[in-house]
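Everything on this sheet refers to the single structure shown next.
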Amino acid sequence: MALVGSAAAAPTALARGATILQLRIPGAPGRSYEKEARALVPTAFVPVVVSSRADVALAVGAAGVHLPEGDIPVRGARRLLGDGRLVGRSVHTLAAGLEAAEAGADYLVFGPVYETASHAGRLAAGLDALRELCRAVSVPVLAIGGVDFDRAEECRRAGAAGFAGIGAFR
């Protein structure tokens, strides 16, 4: 999963192997999200999820929404989007992952697995924590945080279905 901040970033992410795109524009108003999502969704040949904005995902026909751990409940997003769209959740602990999976998340993004500059000051969870979560839930788990193409195989061996990132897809 490549996290992109605009439709213009998608071709590079796709060329680098992204199989799903997450449109993430922190702090952007709904209109900006909608504009970028309307440009991205019809041109991407992979599913597009919109970060934090279930309303925008629904309005533009995106594949779903991705919710940060402190965002609206998974069940609330599911009620809004229905069963035909994806609802993903970022989690940082086993407990949060179990809760999100039980609430109906279609996938989880777990991390940071490794130390990363994008979350300076946050301790890395490590491969053992990733392995524990992957074994405990029945939904796919994507590793994030310091994961690049070299480290992706370690994460897969720990049980991750894949990885999410920004830098690896630029």
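The values are calculated or read from the model by the stated rules, or taken from the named source; none is laboratory data. Because the structure is predicted, anything quoted here is derived from the model rather than measured. Reconstructed Cβ throughout: ideal geometry from the backbone, glycine too, with neighbour counts over all protein chains shown.
Quick check on my filter: what residues within segment 154-170 are surrounded by fewer than 20 Cβ atoms within 10 Å (Cβ to Cβ) and farther than 22 Å from Leu21 by Cβ?
Once the filter is applied, which keeps residues that are surrounded by fewer than 20 Cβ atoms within 10 Å (Cβ to Cβ) and farther than 22 Å from Leu21 by Cβ, segment 154-170 yields Glu154, Arg157, Gly159.
Give me a count of the residues in segment 115-126 that are out of contact with any His (no Cβ under 9 Å at 6 or more places or on another chain), assigned to a loop (DSSP other than H, G, I, E, B) and within 18 Å of Gly165 (Cβ to Cβ).
So the answer is 5.
Taking the condition of being out of contact with any strand residue (DSSP E or B) (no Cβ under 8 Å at 6 or more places or on another chain) and in contact (Cβ under 8 Å) with a residue 12 or more places away in the chain, how many residues in segment 106-121 meet it?
6
Taking segment 114-137, which residues are buried (at least 17 other Cβ atoms within 10 Å of the Cβ) and under 23 Å from Leu86 (Cα atoms)?
Listed by number, the residues that qualify are Leu130, Leu133, Cys134, Val137.
Identify, by number, the condition in (1) closer than 28 Å to Ala9 by Cβ; (2) basic (Lys, Arg); (3) modelled with pLDDT of 95 or more that Arg170 doesn't meet.
Every listed condition holds for Arg170 apart from (3).
Quick one: would you say Val74 is over 23 Å from Val139 (Cα atoms) and modelled with pLDDT of 95 or more?
No, not satisfied.
Taking Val109, is it out of contact with any helix residue (DSSP H, G or I) (no Cβ under 8 Å at 6 or more places or on another chain) and under 19 Å from Gln22 (Cβ atoms)?
yes
Only one residue in Val74, Val65, Val60 is touching a residue at least 24 places away in the same chain (Cβ under 8 Å) and in contact with a strand residue (DSSP E or B) (Cβ under 7 Å, 6 or more places away or on another chain). Which one?
On inspection, the qualifying residue turns out to be Val74.
Return yes or no: is Ala129 more than 15 Å from the chain's Cα centre (by Cα) and either of a type outside the set (Gly, Ala, Ser) or in a loop (DSSP other than H, G, I, E, B) (or both)?
Numbers: more than 15 Å from the chain's Cα centre (by Cα): yes; either of a type outside the set (Gly, Ala, Ser) or in a loop (DSSP other than H, G, I, E, B) (or both): no.
Criteria not met by Ala129.
Being within 14 Å of the chain's Cα centre (by Cα) and either modelled with pLDDT under 95 or not small (Gly, Ala, Ser) (or both) is the filter here; which residues of segment 132-163 pass it? Full working, then the answer.
Initial filter on segment 132-163 (within 14 Å of the chain's Cα centre (by Cα)): 139-145, 147, 160-163.
Residues satisfying the conditions are Val139, Pro140, Val141, Leu142, Ile144, Gly145, Val147, Phe163.
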